[in-house]
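Working notes, structure below.
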Amino acid sequence: MERILTILVCLPFIYLSTNLNRNPVERNNNGNGYFINYVSNDLKDLNCAKCHASQGLKKKLHATENKGCVNCHRMNPTDHPEKVAKGLFLTKKIPSLCFVCHDSVRKFLDTVRFIHRAVNEKKQCMNCHSPHSSDEENLLTGEKKELCLSCHDKEVELNGKRTKNIRLLLSGKVIHKPLKDGCTDCHDPHASSTKNLLIKHFPVDKYVPAKRESYALCWKCHNSDLMDLSETTTTTNFRNGAQNLHHVHLSGTRGRSCVICHDAHASNNKFLIVDKVPFTKWSFMMNFEPTVDGGSCSPGCHGFTPYKR
């Protein structure tokens, strides 16, 4: 019995003597269980790149990479790397970890109504961004437009609203010019105070009063004279002589939204004209026919109507 008591008394001293030469550590808990955080200056000697070199091979490095892996990772040296991923932890959960540096994004998300599903689902920030390195701007995991289409290659339904298959739409002959460079000329990839993640206001309803601010998104590229001027020979080719037919359709307290006649993404018709015009639960064929100096349509809201510049 005395021998056992002697061993028990000596155990703490034996442990200390065998660990005197190890790096000093502190124990923390971030919800993933305890891990050891090295607090000495020997972090650089861990040489993470010996096993993880591929994480930093792309052209653009995450800024934190220049400061070292420990800005985001902690490890338990008794488990890692011998037991591969076991013993390797993030210092915080995603997206809280990202917000340590990207606090402006957190503040923005807190102030807007509509959040992109990709921000909150599955891998969250890492659905679109690489945490280590990338060949793309903003550390995107793929080319900007292709990254969007990796999800928007099918109809997506959320809260009863159905988003079209954008990849299928883009197989049309005529592509809206902003889409040639990607989706972010019109959509915010994170969040927006405007429906459909638009970066500026565009009416939700099909019929709205003719106010310039209602179509703020369109005026990023198009001249607002399309709506304001009743007559012009220069602002638009959609005119009958000098009569501005955009003004005819947009003006008044029940002006027609652009998307009644135009598809915002792509179309098989010139000028992004749609095939069908929606009307409550029904739709009518547009029957648009362009000519050298004008065109015609007979969509159901009015009969056959030609125009000539």
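The values are calculated or read from the model by the stated rules, or taken from the named source; none is laboratory data. Computed from a predicted structure; not experimentally measured. Neighbour counts are summed over all protein chains in view; Cβ atoms, including those assigned to glycine, are modelled from backbone coordinates with ideal geometry.
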Practice item. Could you tell me whether any residue of region 203-218 is surrounded by fewer than 16 Cβ atoms within 10 Å (Cβ to Cβ), at pLDDT 95 or above and out of contact with any strand residue (DSSP E or B) (no Cβ under 6 Å at 6 or more places or on another chain)? Key: no
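Is it the case that some residue within region 158-172 is in contact with a Leu (Cβ under 8 Å, 6 or more places away or on another chain) and in a loop (DSSP other than H, G, I, E, B)?
Within region 158-172, the first condition is being in contact with a Leu (Cβ under 8 Å, 6 or more places away or on another chain), and the residues that meet it are 166-167, 170.
With the extra rule that they be in a loop (DSSP other than H, G, I, E, B), the set shrinks to 170.
Within region 158-172, one or more residues are in contact with a Leu (Cβ under 8 Å, 6 or more places away or on another chain) and in a loop (DSSP other than H, G, I, E, B).
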Exercise for review: Being touching a residue at least 12 places away in the same chain (Cβ under 8 Å) and not in a strand (DSSP E or B) is the filter; apply it to region 273-297 and report the residue that is surrounded by the fewest Cβ atoms within 10 Å (Cβ to Cβ).
Suggested key: D293
Review point. What do you reckon, is G87 within 30 Å of A266 (Cβ to Cβ) and surrounded by 12 or more Cβ atoms within 10 Å (Cβ to Cβ)?
Key: no
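Tally time: how many residues in region 216-238 are in contact with a Phe, Trp or Tyr (Cβ under 9 Å, 6 or more places away or on another chain) and either free of Cβ contacts under 8 Å to residues at least 60 places away in the same chain or over 25 Å from P306 (Cβ atoms) (or both)? Walk me through it before giving the result.
To start, the set of residues in region 216-238 that are in contact with a Phe, Trp or Tyr (Cβ under 9 Å, 6 or more places away or on another chain) comprises 216-218, 222, 224, 226-227, 237-238.
Now narrow it down to the ones that are either free of Cβ contacts under 8 Å to residues at least 60 places away in the same chain or over 25 Å from P306 (Cβ atoms) (or both): 216-218, 222, 224, 226-227.
Total satisfying the criteria: 7.
Here is a list: K145, K177, K164. Which entry is under 23 Å from A266 (Cβ atoms), basic (K, R) and either surrounded by 15 or more Cβ atoms within 10 Å (Cβ to Cβ) or in contact with a helix residue (DSSP H, G or I) (Cβ under 8 Å, 6 or more places away or on another chain) (or both)? Explain how you work it out, then say what you get.
Numbers: K177 fails: either surrounded by 15 or more Cβ atoms within 10 Å (Cβ to Cβ) or in contact with a helix residue (DSSP H, G or I) (Cβ under 8 Å, 6 or more places away or on another chain) (or both); K164 fails: either surrounded by 15 or more Cβ atoms within 10 Å (Cβ to Cβ) or in contact with a helix residue (DSSP H, G or I) (Cβ under 8 Å, 6 or more places away or on another chain) (or both).
Being under 23 Å from A266 (Cβ atoms), basic (K, R) and either surrounded by 15 or more Cβ atoms within 10 Å (Cβ to Cβ) or in contact with a helix residue (DSSP H, G or I) (Cβ under 8 Å, 6 or more places away or on another chain) (or both) holds for just one of K145, K177, K164, which is K145.
Collect the residues in region 90-115 that are in contact with a strand residue (DSSP E or B) (Cβ under 6 Å, 6 or more places away or on another chain) and either loosely packed, with under 14 Cβ neighbours inside 10 Å or over 26 Å from M75 (Cα atoms) (or both), keeping them in residue-number order.
First, the residues of region 90-115 that are in contact with a strand residue (DSSP E or B) (Cβ under 6 Å, 6 or more places away or on another chain): 91, 97, 109, 112, 114-115.
Across region 90-115, the qualifying residues are L109, V112, F114, I115.
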Check your understanding: Any residue at all in region 240-255 that is of a type in the set (G, A, S), touching a Ser or Thr at 6+ places or on another chain (Cβ under 9 Å) and assigned to a strand (DSSP E or B)?
Key -> yes
Revision key, fill the gap. Filtering region 73-116 down to residues that are outside any loop (DSSP other than H, G, I, E, B), farther than 20 Å from P131 by Cβ and of a type in the set (D, E, K, R) yields K107, D110
Practice item. Quickly run through region 179-218 and pick out the residues that are part of a loop (DSSP other than H, G, I, E, B), charged (D, E, K, R) and farther than 24 Å from A118 by Cα. Key: D205, K206, K211
Point to revise | Residue in region 237-252 that is on the phi < 0 side of the Ramachandran plot, polar (S, T, N, Q) and surrounded by 18 or more Cβ atoms within 10 Å (Cβ to Cβ) present | key: yes
Check your understanding: Of these, H116, H132, H102, which one is of a type outside the set (D, E, K, R) and touching a Gly at 6+ places or on another chain (Cβ under 8 Å)?
Key -> H132
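Given the residues H247, H187, which is the only one that is farther than 17 Å from L149 by Cβ, modelled with pLDDT of 95 or more and not polar (S, T, N, Q)?
Numbers: H187 fails: farther than 17 Å from L149 by Cβ.
Matching residue, one of H247, H187: H247.
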Review point. Is one or more of the residues making up region 258-272 without any contact (Cβ under 8 Å) to a residue 60 or more places away in the chain, out of contact with any strand residue (DSSP E or B) (no Cβ under 6 Å at 6 or more places or on another chain), within 27 Å of K200 (Cβ to Cβ) and assigned to a loop (DSSP other than H, G, I, E, B)?
Key: no
Review point. Does K154 qualify as being more than 25 Å from K270 (Cα to Cα), assigned to a loop (DSSP other than H, G, I, E, B) and in contact with a Lys or Arg (Cβ under 9 Å, 6 or more places away or on another chain)?
Key: no
